[in-house]
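The structure under discussion appears below in the form of structure tokens.
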């Protein structure tokens, strides 16, 4: 099984933390000692890891050019997703947009893949309302080709020097601390939560979702 890259780890943790906002998830984990203190620690570690990973001196201009294109894509399409889903199916809108808001810069490399995964999951869902929501977004212009544009830009960033910056020195320890926190609580969550819907909200819907 291939080892996750640092960026994949950040994306995995972000999705897990987003899923923690679900009341049933928190109720299940509270029984294993997951308090607000633990949640705050996770947010703090994620913030520190992001700051270390995306330090200004680790961003070559070529990478920033690609991120600018991703920023433009998000600015164009995120409002469309929000407007359409919030009117026609507020429940699905909350699920798709959970912890997703317009941002800029390298943080897009974490939030945008999550948004794209959620949108594509609507079309593959076994539930008719979710498939209708995906069809609605297609009618609003968010076609598979438009999704592929963002995917292509994201793939380009992985081939740029920014994917493996040599600095800052604190990047590895901050990422390791965050991943240690994630491994503990994600492993506990997989034991105490049996509802597949809740597990998917935490990012456990794919074969590669087992923490390493």
Using Cα-Cα distances under 8 Å and only pairs 6 or more residues apart, what relative contact order does the stretch 60-164 have, in percent?
39 percent
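Calculate, in nm to one decimal, what residue 5 and residue 127 gain on full extension: separation in residues at 0.36 nm each, minus their alpha carbon distance. If you can, show how the numbers build up before the last one.
On the way: separation 122, 0.36 × 122 = 43.92 nm, distance 3.25 nm.
Additional length available on full extension: 40.7 nm.
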Based on alpha-carbon atoms only, what is the radius of gyration of the stretch 1-151 relative to the globular estimate 2.2 N^0.38 Å?
1.13
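Laboratory data are not the source of any read-out in this text; all were calculated from the coordinates shown. Since we're looking at a predicted model, the values are computed, not measured.
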